[in-house]
1. Got at least one residue in region B:95-111 being in contact (Cβ under 8 Å) with a residue 12 or more places away in the chain and of a type in the set (G, A, S)?
2. Of A:S479, A:S483, A:S415, A:S473, which residue is more than 30 Å from B:D427 (Cβ to Cβ), hydroxyl-bearing (S, T, Y) and surrounded by fewer than 23 Cβ atoms within 10 Å (Cβ to Cβ)?
3. Looking at region A:233-253 only, could you name the residues that are more than 20 Å from A:R490 (Cα to Cα) and of a type in the set (K, R)?
4. State all residues of region A:141-153 that are in contact with a helix residue (DSSP H, G or I) (Cβ under 6 Å, 6 or more places away or on another chain) and over 30 Å from A:S509 (Cβ atoms); if no residue qualifies, say none.
5. Return yes or no: is A:R476 of a type in the set (D, E, K, R) and not in a loop (DSSP other than H, G, I, E, B)?
6. Residue under question is B:G296, and the condition is that it be at pLDDT 95 or above, of a type outside the set (V, I, T), closer than 26 Å to B:T366 by Cα and in contact with a Phe, Trp or Tyr (Cβ under 7 Å, 6 or more places away or on another chain); does it hold?
7. Enumerate the pairs (first residue in region B:416-434 and in contact (Cβ under 8 Å) with a residue 12 or more places away in the chain and more than 9 Å from chain A (Cβ to nearest Cβ); second residue anywhere and assigned to a helix (DSSP H, G or I) and polar (S, T, N, Q)) with beta-carbon separation below 6 Å, excluding pairs fewer than 6 apart on the same chain, so at least 6 apart or on different chains.
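The values are calculated or read from the model by the stated rules, or taken from the named source; none is laboratory data. It should be emphasised that the depicted structure is a prediction, and the values quoted were computed from it without experimental measurement. Cβ placement follows ideal geometry from the backbone for every residue including glycine, while neighbour counts extend to all protein chains displayed.
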There are 2 protein chains.
Amino acid sequence: METRNLIGNSYRPGNGNKFKAVDPAHGVDLPGEFYAASVAEANNAMDLADKAFTAYRNIGPKKKAAFLRSIADEIIAIGDALLERASAESGLPVPRLQGERARTTNQLKMFADLLEEGSWVEAIIDTAIPDRQPLPRLDIRKMMVPLGPAVVFGASNFPLAFSVAGGDTAAALAAGCPVVVKAHPAHPGTSALVAEAIRKAAEATAMPEGVFSILYDDGYAIGETLVKHPKTKIVTFTGSLKGGMALVKISRERDEPIPVFAEMGSINPLILLPGALKNRPAELAKLAGPITNNAGQFCTQPGLLITINGEGLAEFKTALAGEIKEIMSSTMLTPGICANFNKLAGNMLAEDAVKIIAKSEKVDTTKNNQGVPLVTEISAAEFLLDEKFKEEVFGPYSMLIVAENRGELEQVVNSLHGQLTASIYADGDELAGYKNVTDKLADIAGRVILNGPPTGVEVGNAIQHGGPFPATSDSRFTSVGTSSIKRFVRPVCWQNWSEDLLPDELKTSNPLNIWRLFNNEWKK
Amino acid sequence: METRNLIGNSYRPGNGNKFKAVDPAHGVDLPGEFYAASVAEANNAMDLADKAFTAYRNIGPKKKAAFLRSIADEIIAIGDALLERASAESGLPVPRLQGERARTTNQLKMFADLLEEGSWVEAIIDTAIPDRQPLPRLDIRKMMVPLGPAVVFGASNFPLAFSVAGGDTAAALAAGCPVVVKAHPAHPGTSALVAEAIRKAAEATAMPEGVFSILYDDGYAIGETLVKHPKTKIVTFTGSLKGGMALVKISRERDEPIPVFAEMGSINPLILLPGALKNRPAELAKLAGPITNNAGQFCTQPGLLITINGEGLAEFKTALAGEIKEIMSSTMLTPGICANFNKLAGNMLAEDAVKIIAKSEKVDTTKNNQGVPLVTEISAAEFLLDEKFKEEVFGPYSMLIVAENRGELEQVVNSLHGQLTASIYADGDELAGYKNVTDKLADIAGRVILNGPPTGVEVGNAIQHGGPFPATSDSRFTSVGTSSIKRFVRPVCWQNWSEDLLPDELKTSNPLNIWRLFNNEWKK
């Protein structure tokens, strides 16, 4: 495993400081010393990315697609070593990482398919009307073009799918933006293995040097340098509110402001309407799974259950307690995340208004950094009194809010901030009677879900993984699915341009055979 | 004319301070005293807009379209009084304002048509695949929904088309966002007449109260209050870099960051390639028109002409001087804008490197605040030495940069910051030989134009009126054309939702008969 910083085609030695990965389950260092990048290397990576941009943006969609597919192949070619290293670094079980690897390679292939299909560029053509009155109409043709070099921050909770070759990198490369990854220090070995896969794929498909670089740092200096660099045109991040807003702040101090798409905090409220609660309390108690799976370390983990006191509530609570009791604790991603989980859960429990209604009795004492499943309860009246009850407790924790009546439930919903998701469980016709509630959910969230948990994010065309602040820094974009490519592009139009010199996407003959809005008509 | 602040259906008296509009051509006050809004009124307008949002967003596209068309009708119904007042307040000639009124009403109708056509919501549907392996696919459906109340700042240079019922208001209302306009203090009378037209249209089409409000202020307090208000979800602005960045700064100080789309400074470089310069110097000298029309007060006015010393240059300069000499000075929009023009042009002339090559000899001495057409020249070498030569001189001014060779021309182009437009004049096949230059132009601008001036912005589907910083605060959006509606919306997806309760745009039966991406296929 190459543990130095990869800048274009060269591995580079960093600033002299080294750090190791920690196995959170056993509290021991893992093999390999990683070389913290120097500021000069970070600047070098961005300059090289900018140089690569001119060449890379002009490479056709088929070749870019081949590059993305080659990355997927090279990731698979690493074999079990990747899953084992990722598991050791993250505490996540190998089967979960197997699924995550499939998601990662599928994302790369999805963007390859998107490039070949081609309509994502939103080509719009208005041809000239020389005899229009009072003024002639000129020929104007518009399409999306890449913004420029992208800085991608690896996320801790998806060491494959939201990291080095994750959705952000795949979308950026598909858009035509070279990528510089700031590796997450919690899984540098996983990052190094995937980075080498990308390097090989870039080499095999003859991509320009600098289309991809990766830098290591267990501190903040390199991330800050990358976000400040004048050649950086967009930044993506998935993580905490604090981390995301720190990057947003740095971006604001630049001479040229740039977009930072940060996916941050979300407590993903889940509403249990009276009919659902009454008719299927035991089924609803199976939410114990989404609450606790992989130590609850998903951005869409349901951290808030909201219901109305009534028939079924007691049964639901009993059933939930029974489920949670039997769920084994899991290793959390890092000692820091585990410590923070215990601190934040403890803060909640320190409040008189909060009581425990379910707790795991199966703590794995053979491993360190265990997240022990916990569900608490609070009355709606108490919840509404203090903003602190809305704080995200990242881990296997959820809070049940019990309203005394519909009005209180609505007050709770109306008090919520922006979310990635909002779910509602309803039976029969009752959903229709709650239009003001479902409207509000669509108002605060990016995705609203009926009778299902928010976890298990589908990666496709229709997904919206984003939402109003503080869920993300810009609700107008998604960080999952084909539409996530839109974060990396901007429109340019060519007026009265020479047909020969137009991009293929905009030529009248439509050589790429893509869907376009042509004189106000959608066609190929 | 009602000169008080319109908040929903009520006219309100402001904070006690009043101000008058000034006729810049004659330096005299115009009839009517305008009531500067109070902070309480500003807060009230935003709260009412937020209340109206819930009702307004649920109004169907046909009714919203009727509202927009009714605004257009009411504007026409004001008759010549509107053109006369706008001319008196802005110094712009009545025929220009006639054209601008047509553009304004056409924009409203364009968005009405867009709503009825319906595909702008970008509906994407992925239906369930229950037997997919390893996991079933759930039904997910996505579309654009409005962000919430919008604050629109009227612009001084288009008192109709970029003001109270201009493109921003039309796009916001079409998107489903209630609008609170901060009237531009240079044309409060025009604003009041148009505001009353919108009020009448809202009443006639039974729109919820608060869908539109307008506030007056000749200072900054009300604008600041509106941008800071927690119910404000998006801000649009067209004006100076200083003004735009001030709003961006205020938006950053909010608890919840919101998008501010500011269209700001642009010098709109225009390149004259050697063949064009050689073959048609006299024709190119007709650029005197776009440089000076309406005192050069267009965001797309060409402020920079870039060429290479060679055959035709002398003829071009002589012809341009001949054209400019004959162009009558024009009244500028405000005394402040005129003073600033003279100051900035004076700053340029104070530089040894800058010399005058063309100046109007026809100064209208019967009027005040005259912008006198002026073209200067600088060598590329000198231009490259100092950033100050890139400063926008808003008014009838342009600077010719003469490079000694192609390399110098490329250096000049590569040194430019973000622009709304970039134009290039080329003859025969020479354009193809300048691919690195045209690539760079597409890299720095939102619109690139061949053999034509950047002024005369087409309002349609394919237009891009935006560009990299500092041309705008977010290059990913346009402020002109149908796509400008995208500034005001965000995607929401519904997962496993009840078919009956889905928005019409997302129902399987497609009752609105709109184009959608349905299981990866574009169809109606």
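1. First pass over region B:95-111, keeping only residues in contact (Cβ under 8 Å) with a residue 12 or more places away in the chain: B:96-98, B:100-101, B:103-111.
Subset that is of a type in the set (G, A, S): none.
For region B:95-111, residues in contact (Cβ under 8 Å) with a residue 12 or more places away in the chain and of a type in the set (G, A, S): absent.
2. Numbers: A:S479 fails: surrounded by fewer than 23 Cβ atoms within 10 Å (Cβ to Cβ); A:S483 fails: surrounded by fewer than 23 Cβ atoms within 10 Å (Cβ to Cβ); A:S473 fails: surrounded by fewer than 23 Cβ atoms within 10 Å (Cβ to Cβ).
The unique qualifying residue is A:S415.
3. From region A:233-253, those more than 20 Å from A:R490 (Cα to Cα) are A:238-247, A:249-250, A:253; that's our starting set.
A:K242, A:K249 - these are the residues of region A:233-253 that are more than 20 Å from A:R490 (Cα to Cα) and of a type in the set (K, R).
4. We begin by selecting, within region A:141-153, every residue in contact with a helix residue (DSSP H, G or I) (Cβ under 6 Å, 6 or more places away or on another chain); these are A:141, A:143-144, A:146-152.
Scanning region A:141-153 gives A:P149, A:A150, A:V151, A:V152.
5. Working: of a type in the set (D, E, K, R): yes; not in a loop (DSSP other than H, G, I, E, B): no.
Judged against the criteria, A:R476 is not a match.
6. Considered against the rule, which asks whether it is at pLDDT 95 or above, of a type outside the set (V, I, T), closer than 26 Å to B:T366 by Cα and in contact with a Phe, Trp or Tyr (Cβ under 7 Å, 6 or more places away or on another chain), B:G296 comes out as yes.
7. Hits for this filter: B:D427/B:N279.
Conditions (1) closer than 30 Å to A:E33 by Cβ; (2) in contact with a Ser or Thr (Cβ under 7 Å, 6 or more places away or on another chain); (3) more than 14 Å from chain B (Cβ to nearest Cβ), marked per residue:
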| site | (1), (2), (3) |
| --- | --- |
| A:G148 | no, no, no |
| A:N157 | yes, no, yes |
| A:G167 | yes, yes, yes |
| A:C177 | no, no, no |
| A:V181 | yes, yes, yes |
| A:S191 | yes, yes, yes |
| A:T205 | no, yes, yes |
| A:V211 | yes, no, yes |
